[in-house]
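Here's the structure we're looking at; comments come further down.
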Number of protein chains: 2
Amino acid sequence: MRAQIAKILRDSGVEPYTDASGYVFDETPETVRIEPCRDVIVVKPRNTEEVARVMRIAYEHNIPVFVRGGGTGLSCGAVPTKTGIVLSTERMKRIEVDAENLCAVCSAGVTLGELINAAESKGLSFPPHPGSESATVAGMVATNAGGVRAMKYGVMRNYVIGLKAVLADGEVLSLGGKMIKNNAGYNLMHLLIGSEGTLAIITEVVLKLLPPFRETLTLAVPFRCVEDAIRIVPKIMIESMPLALEYIEGEAITYGEKASGKRWPPRDKANLMVILDGDSKDDLMRKAERVAEICERSNAVDVFVATGREEKDLLAVRSLIYEGIKNDLIEILDVSVPVAKIPEYIRKCNDVAEKMGFKVINYGHAGDGNIHQHPMKRVGWEKDYEGLRMRFFEIASDLGGTITGEHGIGALKKDHLKHFISEREYRIMQEMKRIFDPKGILNPGKVVDHVR
Amino acid sequence: MRAQIAKILRDSGVEPYTDASGYVFDETPETVRIEPCRDVIVVKPRNTEEVARVMRIAYEHNIPVFVRGGGTGLSCGAVPTKTGIVLSTERMKRIEVDAENLCAVCSAGVTLGELINAAESKGLSFPPHPGSESATVAGMVATNAGGVRAMKYGVMRNYVIGLKAVLADGEVLSLGGKMIKNNAGYNLMHLLIGSEGTLAIITEVVLKLLPPFRETLTLAVPFRCVEDAIRIVPKIMIESMPLALEYIEGEAITYGEKASGKRWPPRDKANLMVILDGDSKDDLMRKAERVAEICERSNAVDVFVATGREEKDLLAVRSLIYEGIKNDLIEILDVSVPVAKIPEYIRKCNDVAEKMGFKVINYGHAGDGNIHQHPMKRVGWEKDYEGLRMRFFEIASDLGGTITGEHGIGALKKDHLKHFISEREYRIMQEMKRIFDPKGILNPGKVVDHVR
């Protein structure tokens, strides 16, 4: 099969790469990831026109195409499930920062790190920061990536003002552009954002840029229980809308310290990390004082204000928690609930976990209700884990939440999706899939089941 | 026909109102509005379940349904085009501000004014402000309304985190909720936002709220030409990201003065109005000084800094320009282009207008590229106007812009839409329409042509 696909591609002038190792996994932990299909050919188009050529061939010959960005996903969204083509965007690297229109035009394969550098070199910034800087912009748009700054600065969806996408049959859609407002008909651009490579292949994006961050300051605030910590989240938001407001359990901090080699100030069971941004150091100190008062009134054990070196260390510990913990966990979950429901969600999940003999370490984006739970490995976890995960999803759903706030459905949560949205909503999604991808060749086995 | 529909409704327990005067127009100027169908019955459901009942009846009997909010639209989006039912949301008035989760749950018919008051009574704010405070929340979501604050605070789309919508056959979709992040499958919520009542009837929305505005300050800055004014827009944005950054021609100000009875400081041909918001008066004065320096370096004739009473007067003049001008204009257009293209757009349009004997007065949202052009009436305008409008749309499109940044397609620009998006994009929109509304009964004659 592979050889046949390689021949079809070569005959049409597309160079096939037969070594697919390095192209069949993403960052999903080994413990839960699906078994990939290794019978795939890799292609590395350089621009939209070359992607269109690949799709015309694939459409004609009914060949599945798995689009791949930085491979940093956590839901097996980029893992090939059938014999077919892995389309890597690694060569699509054009980037143009348009300082006059406060935006950047990026080819699919530009990484978050490259975008941040390019924006900063023109005195601008790109606020969303969903973890790994080797994620690609098109991957971040296709998964509507989030991250710690979403509470103040929004998720990827809030930054996309234009995109080019190649349809299943190779036709190119050009949506939006460099204008901020656009109400010309149904917004297909927003339908493609978050569609995980299953409706079209995003080849170029236009992203809004913002003025640079001037100053930041970070508070680390330990509490004895999650209720004390979360109760004040809306108060802190109203008082000083932080850049980020993270909830972190004591044990998670220990993992972050181990991975970073840096020290966090004394912590307790439940901790808040509050990153403030502002125009001047004075402005920030005033905001920090107001936040500190709120924390103290809610039984904070202490309040640490960090700037300069100390702030860098704190951020390093936070950003390396996952690095430290990932070998001991089963999975990183990303349920999202209304902010005020976080304590109830965590308490109910911990009760369930305890009964089933699991330990769960939590941290996450308290400011937007998106909690990362880490069920830890134990002997015999394999047979009980799906039951635990399903209970967590049910608890989130009962509290008005969703099973995935950031990582998307991919292959991992495809069967869960059906249980947590209405039948009608699921059927409409399938109809969307059929319109955009009538032959079911775009990233099959992800998000929804294809029906002809 | 009307009597028959009334009977069908009454037999199913829905009260029909036969006096439809007051329900067949929106705010579209008489000069360009379409002739409505007056053979309609009005219904005034009180909640989602009653809307669902109306839709079940309409679906069964193939009766067109025209959903109507505040009737403040400018594209004939709410104007009935066929014998059928006008579904007014005026009785759907439930509003719950959830201060713990920084959001408001509103029934369709809650007005912008009511939402703002409810938010402020709990110490919060709702930033988007698309003009009329008698617009309803569901109408603003259905049209993805914009307004002057979009550059810093975004459009309606950026505030919707959940909604309920009744489908053509009466089934209720419940999408999103009180969580900020949600990546569970294709985002149907964002497809419904801006769909102008043609895909489903939005009956409830969950809207994000923000901390209150603390302080504002407004600068009025006259320039001799549009180039000098617009050139510095990105610089002002980078330096101090205003709440609003408006471009206003001198003649427009005169109309605003007349309507408001207030005085604007000396103006010139091209004027910027810069509204800054911040934490403290000191903070704002510092920002204002930096903005003033930028303006002076770009040949500003003068810089007026207004606070208190003077600021109120300025804002009154700006907000009443349309009131003052509306009897003399043919239409208010709302093209959107990349910010840096505004001068070229205005210059090219003015050239065309001059050749065709039209005078055009411009103002608009310089910070987001959305320009309101007002072609003024002249003898014999009727036979030439469509040609002028079409040329403006072509110029906008050539500059990478869109024919409507705010007001939507409605009935007025339905035929234009086809010319300014690709055939494939149009066809996909029609397929969306077919999936959501197979019988073509939802707001027929708007946005796209229905095909079975």
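The values are calculated or read from the model by the stated rules, or taken from the named source; none is laboratory data. Note that the coordinates shown come from a computational prediction; the quantities given were computed from them, not determined experimentally. A quick note on method: Cβ atoms are made from the backbone with ideal geometry, for glycine too, and the neighbour counts reach across all protein chains shown. With ligands, DNA and RNA removed, areas are computed over all heavy atoms of the protein, side chains included. Shrake-Rupley method; radii C 1.70, N 1.55, O 1.52, S 1.80 Å.
At-a-glance table
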read-out	value
Sole residue being touching a residue at least 60 places away in the same chain (Cβ under 8 Å), under 30 Å from B:V206 (Cβ atoms), over 20 Å from the mean Cα position of the chain (by Cα) and in a helix (DSSP H, G or I), chosen from A:I346, A:I342	A:I346
Residue match in the range B:194-203 (condition: surrounded by fewer than 24 Cβ atoms within 10 Å (Cβ to Cβ) and not β-branched (V, I, T))	no
Pair list, Cβ < 7 Å and 6+ apart or interchain, from the range B:118-135 residues that are over 16 Å from B:A244 (Cβ atoms) to residues that are at pLDDT 95 or above and among the aromatic types (F, W, Y)	B:A119/B:F126
Pair list, Cβ < 7 Å and 6+ apart or interchain, from the range B:349-375 residues that are surrounded by fewer than 17 Cβ atoms within 10 Å (Cβ to Cβ) to residues that are in a strand (DSSP E or B)	B:N350/B:V360; B:K359/B:M376
B:I63 being under 21 Å from B:M92 (Cβ atoms) and either among the β-branched types (V, I, T) or not in a loop (DSSP other than H, G, I, E, B) (or both)	yes
Scope the range A:62-102; condition in contact with a helix residue (DSSP H, G or I) (Cβ under 9 Å, 6 or more places away or on another chain), β-branched (V, I, T) and open to solvent by 40 Å² or more (accessible area, probe 1.4 Å); matching residues	A:T72, A:I95
Selection count, the range A:256-266, where residues are in a loop (DSSP other than H, G, I, E, B) and either open to solvent by 40 Å² or more (accessible area, probe 1.4 Å) or in contact with a Ser or Thr (Cβ under 9 Å, 6 or more places away or on another chain) (or both)	5
Selection within the range A:363-395 - in a strand (DSSP E or B) and touching a Ser or Thr at 6+ places or on another chain (Cβ under 8 Å)	A:N370, A:I371
Residue count, the range A:410-426 (criterion: part of a helix (DSSP H, G or I), out of contact with any helix residue (DSSP H, G or I) (no Cβ under 9 Å at 6 or more places or on another chain) and either within 9 Å of chain B (Cβ to nearest Cβ) or surrounded by 14 or more Cβ atoms within 10 Å (Cβ to Cβ) (or both))	2
In the range B:176-192, the residues that are at the interface with chain A (Cβ under 7 Å from one of its Cβ atoms) and not basic (K, R)	B:G177, B:M179, B:I180, B:N182, B:N183, B:A184, B:G185, B:Y186, B:N187, B:L188, B:H190, B:L191
Qualifying residue in the range B:44-61 (condition: open to solvent by 70 Å² or more (accessible area, probe 1.4 Å) and farther than 22 Å from B:A138 by Cα)	yes
Residue in the range A:313-323 that is more than 23 Å from the chain's Cα centre (by Cα), assigned by TED's automatic domain parsing to the domain that holds A:K258 and open to solvent by 20 Å² or more (accessible area, probe 1.4 Å) present	yes
Selection status of A:S75, within 11 Å of chain B (Cβ to nearest Cβ) and closer than 14 Å to A:D26 by Cβ	yes
Top-ranked residue in the range B:33-43 [being more than 19 Å from B:A200 (Cβ to Cβ) and aliphatic (A, V, I, L, M); ranked as most open to solvent (accessible area, probe 1.4 Å)]	B:I34
Residue in the range B:107-123 that is open to solvent by 10 Å² or more (accessible area, probe 1.4 Å), assigned to a strand (DSSP E or B) and of a type outside the set (F, W, Y) present	yes
Qualifying residues in the range A:4-17 (those that are farther than 15 Å from A:P45 by Cα and open to solvent by less than 80 Å² (accessible area, probe 1.4 Å)) - the one farthest from the chain's Cα centre (by Cα)	A:I8
Candidates B:K258, B:K326, B:K269, B:K262 - the one that is under 27 Å from B:P29 (Cβ atoms), under 22 Å from the mean Cα position of the chain (by Cα) and not hydrophobic (A, V, I, L, M, F, W, C)	B:K326
Pairs with Cβ under 8 Å, 6+ apart, first in the range A:279-293 and within 9 Å of another protein chain (Cβ to nearest Cβ) and farther than 24 Å from A:L210 by Cα, second open to solvent by less than 20 Å² (accessible area, probe 1.4 Å) and of a type in the set (A, V, I, L, M, F, W, C)	none
Subset of the range A:253-277 (residues that are among the small types (G, A, S) and within 18 Å of A:G367 (Cα to Cα))	A:A270
Any chance B:V335 is within 13 Å of chain A (Cβ to nearest Cβ), on the phi < 0 side of the Ramachandran plot and in contact (Cβ under 8 Å) with a residue 40 or more places away in the chain	yes
Residues of the range A:435-452 satisfying the condition of being in contact with a His (Cβ under 6 Å, 6 or more places away or on another chain) and either hydroxyl-bearing (S, T, Y) or on the phi < 0 side of the Ramachandran plot (or both)	none
So A:K181, is it of a type outside the set (S, T, N, Q) and open to solvent by 10 Å² or more (accessible area, probe 1.4 Å)	no
Every residue from the range A:145-174 that is at the interface with chain B (Cβ under 10 Å from one of its Cβ atoms), in contact with a Lys or Arg (Cβ under 8 Å, 6 or more places away or on another chain) and open to solvent by less than 10 Å² (accessible area, probe 1.4 Å)	A:G146, A:A150, A:G162, A:L167, A:L173
Test: residue in the range A:8-27 that is aliphatic (A, V, I, L, M) and free of Cβ contacts under 8 Å to residues at least 40 places away in the same chain	no
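Yes or no, residue by residue, for (1) within 12 Å of B:A220 (Cα to Cα); (2) surrounded by 15 or more Cβ atoms within 10 Å (Cβ to Cβ):
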| site | (1), (2) |
| --- | --- |
| B:M237 | no, yes |
| B:D268 | yes, yes |
| B:D279 | no, yes |
| B:D283 | no, yes |
| B:N299 | no, no |
| B:A306 | yes, yes |
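Quick grid of which residues meet (1) within 11 Å of another protein chain (Cβ to nearest Cβ); (2) modelled with pLDDT of 95 or more:
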residue: B:E382; (1), (2): no, yes
residue: B:A396; (1), (2): yes, yes
residue: B:T404; (1), (2): yes, yes
residue: B:G408; (1), (2): yes, yes
residue: B:M432; (1), (2): yes, yes
residue: B:F436; (1), (2): yes, yes
residue: B:K446; (1), (2): yes, yes
residue: B:R452; (1), (2): no, no
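Listed here are the residues, each with its yes/no results for (1) in the same structural domain as B:E204 (by TED's automatic domain parsing); (2) more than 19 Å from B:T198 (Cβ to Cβ).
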| residue | (1), (2) |
| --- | --- |
| B:Y17 | no, yes |
| B:I41 | no, yes |
| B:A52 | no, no |
| B:G113 | yes, yes |
| B:L124 | yes, yes |
